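Everything on this sheet refers to the single structure shown next.
Nothing in this text is a laboratory measurement; each read-out follows from the coordinates by a stated rule. Bear in mind that the values here come from a model prediction, so they are computed numbers and not experimental data. Methodologically, a virtual Cβ is constructed for each residue, glycine included, from the backbone with ideal geometry; neighbour enumeration extends over all protein chains shown.
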Amino acid sequence: MEDRTIVFAVGRLIDGRSPEPRPDVSVVVRGSRIIEVRPTEALDIPEASDCLRVDLTDRVLLPGLIDSHVHLWGELTLDHFHNIGVPKEVKILRAARDLESLIKAGFTSVRDCGSKFAVHLRTAVEEGTLLGPRIVTPYCWLSHTSGHGDLTFLPPEWADVVSIKSRIVDGVDQCRKACREHFRIGADFLKVVTSGGIMSEIVSAKEAQFTLDEVRTVVEEADRVGTFVASHAGGNAGVRLALEAGVKTIEHGYFLDDPEVFELMLEKRIVYVPTLCVSKKLAQGAAYGVGSIAVRKAQETLGPHSRAFQLARCAGIPIAMGTDFVGGPLLPHGENAQELENLVEGGMTPMQAIMAATRVASMALGLPDEIGTIQEGKSADLLVVDDDPLGNISVLTKKNHIRMVVKEGQVLVDKDGKAGAPCEIRSPFTVSAAASAPAGAR
């Protein structure tokens, strides 16, 4: 069986790596891979060849978007007590619908940063049972007793049983065992929390958590299997601890302001995922189940968080787009491109923001050779819009501008019918059948 060839002839290409858009370019896809990118006038494909030609000369093509920090929890509120009473089976079904919303919004890859559901959702997407983005996940994150992720309003013996997000470990031996068990379950990388957070009831985001030996153990176990560690870290102490231990990405950094820490991040080639959206949303979250302590803490982070982003940007630290969205009305999957607006409001150009959600984000997922840019050999993850996001980044936040979404060479959204019958989103079973059908039957 030969893979189908598709030629996307575009009026404007934002490839994720060039500083300026490229006019009148054709992107040739065979199967799941991009095999050629060149000016349309220089493309030599015989008219009689058996390939699908897609006319996008009035459209803008860019890489599929990547959210570097999501949680696939399937929860409709941030009220802990309510969520405890919702069956996990209901939550995973909700999370499955969130995956479809992400595709409709142009997100072809996500890094889940802590959900026990994500490894199973990933399997369902990969086998074609569900339609959704590529998922990279640590299974759940590691916290120590009383740390960020410990449900301190519950008896200690209940916390790990109830939580779909975190695992409590204390000491080097427990850290090592947890890492190995997470890899056994199917984790792609590991995540550790080296500070408190906004939603932590009894600990501050400014203080460090875990010992250096504990975090080094987590990094050692990740190194052993050829992957990396992400760290939730709110302030200078937690970030410094994570950097000294050897983590590769820093999440949040609400109170980062130490020049020496920024220098260390540059030296170690750290990717920073600021998640500006989440502090703004949680600060207004009282009506969505966010507790009064968390609302107050979120409000206190707003100024410092904005300054931390500015300092990191000016220092030249690679910044990846991530939302910390979890689903539900306050942090809805499908609205993740709102973070692009925050990045631009914070001083990035639209092109820099797009690169944060494509090329740099691919680094945060550990997949820079696979996704994030439109170039030969990479996965054919593509997004087509009908207006210029370089003129107005908000184009990417509006569903009516999202005209086509391609993931691994499969056209999943095609509102204008440019590649076949018009569709808001394809059935996963239609996609699976198309992928396995003989070339002449497609």
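With a 10 Å cut-off between alpha carbons and a GNM built on the chain, which of H120, H144, H82 moves the most?
Answer for the Gaussian network model of the chain: H82.
Starting from the Cα gyration tensor of region 307-372, multiply each eigenvalue by 5, take the square root, and state the resulting semi-axes largest first in whole Å.
19, 17, 10
Round to the nearest 10 and give me the degree value, 0 to 90, for the angle of helix 118-127's Cα axis relative to the longest principal axis of the chain.
For helix 118-127, the angle is close to 20 degrees.
Run the helix sum for the chain: -39,500 (n - 2.57) per DSSP H stretch of 4+ residues, divided by residue count, reported at 222 nm to the nearest 500 deg cm²/dmol.
Result for the chain: -10000 deg cm²/dmol, rounded to the nearest 500.
Can you tell me, using C-alpha contacts under 8 Å and at least 6 residues apart, the relative contact order of region 255-411 as a whole percent?
20
Rounded to whole Å and sorted largest first, list the principal axis extents of the Cα atoms in region 230-287.
Cα extents, longest axis first: 41, 20, 15 Å.
So which GluC sites (Glu not before Pro) in region 4-80 are both in a DSSP loop and have at most 16 other Cβ atoms within 10 Å of their Cβ?
Filter output for region 4-80: E47.
Mind checking region 229-307 for trypsin sites (Lys or Arg not before Pro) that DSSP puts in a loop (not H, G, I, E or B) and that have at most 16 other Cβ atoms within 10 Å?
The qualifying sites are K268, R269.
Pull up the cross-link candidates among the lysines for K280, meaning alpha carbon to alpha carbon under 17 Å and not fewer than 8 places away within one chain.
Cross-link targets: K297.
Top mean-square fluctuation among S204, S109, S143, Gaussian network model of the chain, C-alpha springs under 10 Å?
S204
Nearest 10 degrees is fine. How inclined is helix 236-245 to the longest principal axis of the chain, computing both from alpha carbons?
So the helix axis and the longest Cα principal axis differ by about 70 degrees.
For the chain, modelled as a Gaussian network with Cα springs under 10 Å, which listed residue fluctuates most, G316, G186, G235?
With Cα springs under 10 Å in the chain, the top fluctuation among G316, G186, G235 is at G316.
Cα gyration tensor of region 140-249, axes a ≥ b ≥ c as square roots of the eigenvalues: rounded (a/c below 1.5), prolate (a/b > b/c) or oblate?
It comes out oblate by the Cα gyration axes.
Classify region 323-414: rounded, prolate or oblate, from the alpha-carbon gyration tensor (a ≥ b ≥ c, eigenvalue square roots; a/c under 1.5 rounded; otherwise prolate if a/b is larger than b/c)? Don't skip to the end; give the middle numbers.
On the way: a/c = 1.34, a/b = 1.23, b/c = 1.09.
Taking the square roots of the gyration eigenvalues as a ≥ b ≥ c, region 323-414 is rounded.
Kindly express, to the nearest 10 degrees and within the range 0 to 90, the angle between helix 172-185's C-alpha long axis and the longest C-alpha principal axis of the chain.
It is inclined by approximately 30 degrees.
For region 251-312, what does the alpha-carbon gyration tensor say about shape, rounded, prolate or oblate, given a ≥ b ≥ c as the root eigenvalues, a/c under 1.5 as rounded, and a/b over b/c as prolate?
On the way: a/c = 3.33, a/b = 2.56, b/c = 1.30.
Prolate is the answer for region 251-312, as a/c is 1.5 or above and a/b outweighs b/c.
Straight-line reach from K378: which lysines have a Cα under 25 Å away, not including same-chain ones fewer than 8 places off?
K104, K248, K407, K415, K418
Indicate, rounded to the nearest 5 percent, the antiparallel portion of the DSSP beta bridges found entirely in the chain.
Counting DSSP beta bridges with both partners in the chain, the antiparallel share is about 50 percent.
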